[in-house]
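*Asks:* Please see the structure below; I have some questions.
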Amino acid sequence: MHQDEHLLLPHLGDLYRTALCILTGNAKAAERLVESVYREVSRQHDWRDCPRVCLFHALFRLVRSSSGIRVFRFRLYPPARPATSRPDVLGHLDALPQAFRDAFLLVDCMDLTIEEASRILELDTQALSVHLEEARARLDELTASNSPAITAATC
């Protein structure tokens, strides 16, 4: 292990849960993906000032670029944060376009800042903010029957 690789380790749990969220729910596939991400990032030299962002950026890049990775319905295995009081929200994430779902997952479920999420998704902060607002608005519409509004504390 490289002397600074220990800085990556605290983020692997969130990375694994996120891989399970955006993949099939197959634990082995998520584990292999996280291992690939870890190997890729640990070989780079520019991750030390922002290890979490670099790990998530590599994860999303690998998912988007790999024709062998098939993204299925959104599932949360296990909850990325303490259990949401809004299970109805998670059930409606499949109705969102992928860009909106990614923004919601990173910012509202994984507690990343807008700036961090924009670096991960390779979007400017204004575009990411629009995606996030649209995701929240659409989720509000889908869950409007008897639920409070969607906020950053939803997940």
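*Asks:* List the pairs whose first member sits in region 40-56 and is within 12 Å of L7 (Cβ to Cβ) and not assigned by TED's automatic domain parsing to the domain that holds I120, whose second member is small (G, A, S) and not in a loop (DSSP other than H, G, I, E, B), and whose Cβ atoms are under 8 Å apart, counting only residues at least 6 apart or on separate chains?
*Replies:* Between residues of region 40-56 that are within 12 Å of L7 (Cβ to Cβ) and not assigned by TED's automatic domain parsing to the domain that holds I120 and residues that are small (G, A, S) and not in a loop (DSSP other than H, G, I, E, B), the close pairs are V41/A58.
*Asks:* Can you give me the number of residues within region 97-114 that are touching a Cys at 6+ places or on another chain (Cβ under 7 Å) and touching a residue at least 60 places away in the same chain (Cβ under 8 Å)?
*Replies:* Keep residues of region 97-114 that are touching a Cys at 6+ places or on another chain (Cβ under 7 Å), which gives 105, 108-109.
Filter again for touching a residue at least 60 places away in the same chain (Cβ under 8 Å), leaving 105, 109.
Total meeting the criteria: 2.
*Asks:* I'm told D94 meets every condition in (1) modelled with pLDDT of 65 or more; (2) of a type in the set (D, E, K, R); (3) surrounded by 14 or more Cβ atoms within 10 Å (Cβ to Cβ) except one. Can you identify the failing condition by its number?
*Replies:* Failing condition for D94: (3).
*Asks:* Here are S118, S147, S129: which of them is at pLDDT below 80, surrounded by 14 or more Cβ atoms within 10 Å (Cβ to Cβ) and either not assigned by TED's automatic domain parsing to the domain that holds A19 or not in a loop (DSSP other than H, G, I, E, B) (or both)?
*Replies:* S147
The values are calculated or read from the model by the stated rules, or taken from the named source; none is laboratory data. Just so you know, these numbers come straight off a predicted model, no measurement behind them. Methodologically, a virtual Cβ is constructed for each residue, glycine included, from the backbone with ideal geometry; neighbour enumeration extends over all protein chains shown.
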